[in-house]
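J.: Just dropping this structure here.
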Amino acid sequence: MGASVCVGRPWGVPVRLHWSLALVVPWLAWLVARRLPELAALAGVRVEAMVISPMLTGLGLAVMLLACVVAHELGHVLVAQRLGARVRGVTLLVVGGISEIAGLPRTGRAEGAVAVAGPLVSLALGGGGWLALRELALPADARLWISFLSRANLVLGIFNLLPAFPLDGGRLLRALLAWRGAWERATRVVTALGLFFGAALATLGLLSFQPVSALVGLFIWAGARAERSQLLARAQQGLRVRDVMRPVVELLPADMPVAAAAERMESLDVSSLLVVDRRDRLIGAVTRGQLETLSEPMREAVLLSALVQRDLPRLQAGESLAGAWEQLSERGARVAPVFAGAQLVGLLEIDDQGIARRPATPPPVWTLPPVGARGRSQERPPISP
């Protein structure tokens, strides 16, 4: 987790402070000191009645806020340990805390229990502070400190319950979606929400000149992207292209109108097809999404040759799926032909989450499109790679 220093080991768990906090804590102390009159008004006290100086108040509240974040993370840690997981440590960053947990059972019940523990600690601290303010007669300084930390913990707990991975709410949503075992699908949903929410928060932070919001948004986006990459790696581990490729069900001629090609895709219930030229040489592929970008009148007038994706990798059936994904990513493609040596044997499709699409049922292995005017034989033609 970069350069950090260990400041304690509660329950045997190392708690580390990242070097970036050396910049953030003084900034937060200055910000609190600057807005002390507003904070005092929210707490119902007068600044004149306070004994501790504004800068010391700001510094103390900054340190106490970090302690509350540690308490939040330790909520996750204690539940994870009870479930048999190994905890490598807790690291405090500019954007919050990260608990490094390994060996947690990949079940909805375990994920949900660990995910909800942190926000519950924060909400309990916030609720306890609110009760103390309501029931106790406190000095002005104590009242301001408890008011600030109570509000901060309530915000921390509620914000973390937003359903976007890697926030606790995203993990809780995955636990609910994966309660019956659909872990991969649930992960794809929550990481998509995390990518969207992180990008939106980062953009709003930049537009409103709020650097902390922008950093938090980038942190959420990066965490969701990393989890999606890990999901892809797990899904592809040990697989070869031939394990997930789709057999070639049809070849489309490049001079076929888009409208006719769209009808063929609809009737075959496929999302992409390969395209050949007049000499039966493979020139690329088209997807249903490409065809649907054209209006109905345009589909009748435009030929596939105008839309075909030509710069596609030529994959081998025996190569690793992970390597194939890298080749597709480099070219910004989601589909590629698959060969066994020089012979065309299939088609690999990758969805927008980077997961190879597997056919639910084996489709017919080969059917040439009728081409009428050219009288192409219905026998399987030689395909040049």
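Rule-based calculations on the coordinates, nothing more; no lab input. All figures in this text were calculated on a predicted structure; none of them were measured in a lab. Counting neighbours? That spans all protein chains shown, and the Cβs are built from the backbone with ideal geometry, glycine included.
J.: Considering the alpha-carbon set of the range 45-90 alone, what are its Rg and its Dmax in angstrom?
T.: Gyration radius and largest Cα-Cα distance of the range 45-90: 17.0, 52 Å.
J.: For the chain, give the magnitude of the charge dipole about the Cα centre (Cβ charges: +1 Lys/Arg, -1 Asp/Glu; no others), in debye to the nearest 20.
T.: Its charge dipole is roughly 720 debye.
J.: Please tell me the relative contact order of the chain in percent, rounded to the nearest whole number, where contacts are Cα pairs under 8 Å and at least six residues apart. If you can, show how the numbers build up before the last one.
T.: Working: 666 pairs, mean separation 41.9, N = 385.
It comes to 11 percent, rounded to a whole number.
J.: Once the Cα atoms of helix 321-331 and of the chain are each reduced to a long axis, what angle between those two axes, in degrees from 0 to 90 to the nearest 10, is obtained?
T.: Tilt relative to the chain: about 90 degrees.
J.: Could you work out the longest stretch of the chain that avoids the GluC sites (Glu not before Pro) located in DSSP loops with at most 15 other Cβ atoms within 10 Å?
T.: Here the longest run is 1-318.
J.: Taking the Cα atoms only, what angle lies between the long axis of helix 140-160 and the longest principal axis of the chain, rounded to 10 degrees?
T.: 10 degrees
J.: Can I ask one more? Among (1) 19.7, 58; (2) 20.9, 61; (3) 28.7, 96, which is the computed Rg and Dmax of the Cα atoms in Å?
T.: For Rg and Dmax of the Cα atoms in Å, the calculated option is (3).
J.: What order do you get for Asp311, Asp141, Asp277, Asp243 when you list them from fewest to most C-beta neighbours inside 10 Å?
T.: Least crowded to most crowded, the residues run Asp311, Asp243, Asp277, Asp141.
J.: Moving on to the next point. At a 10 Å Cβ-Cβ cut-off, how would you order Cys6, Cys68, fewest neighbours first?
T.: Final ranking by Cβ density, sparse to dense: Cys6, Cys68.
J.: How large is log10 of I(q)/I(0) for the range 110-220 at q = 0.11, 0.15 Å⁻¹ when the intensity is taken from the Debye formula with one equal scatterer per alpha-carbon?
T.: -0.47, -0.74
J.: Please compute the contact order of the range 192-320 in relative form: average sequence separation of alpha-carbon pairs under 8 Å and at least six residues apart, divided by the residue count, as a percent.
T.: 22 percent
J.: How many angstrom lie between the C-alpha centres of the range 75-139 and the range 142-165?
T.: For the range 75-139 versus the range 142-165, the Cα centre distance is 13 Å.
J.: Show me the chymotrypsin sites (Phe, Trp or Tyr not before Pro) within the range 180-213 that DSSP assigns to loop and that have at most 11 other Cβ atoms within 10 Å of their Cβ.
T.: Phe209
J.: In terms of modelled amide H atoms, which long-range or inter-chain residues lie less than 5 Å from the amide H of Leu93?
T.: Those qualifying (amide H under 5 Å, at least 5 residues apart or on another chain) are Ile98.
J.: List the residues, sorted by chain then number, that are 5 or more residues from Val345 or on another chain and whose placed amide H is less than 5 Å from its amide H.
T.: Here Val338, Phe339, Ala340 satisfy the definition.
J.: Give me the angle, in degrees from 0 to 90, between the Cα long axis of helix 108-135 and the longest principal axis of the Cα atoms of the chain, rounded to the nearest 10.
T.: 30 degrees
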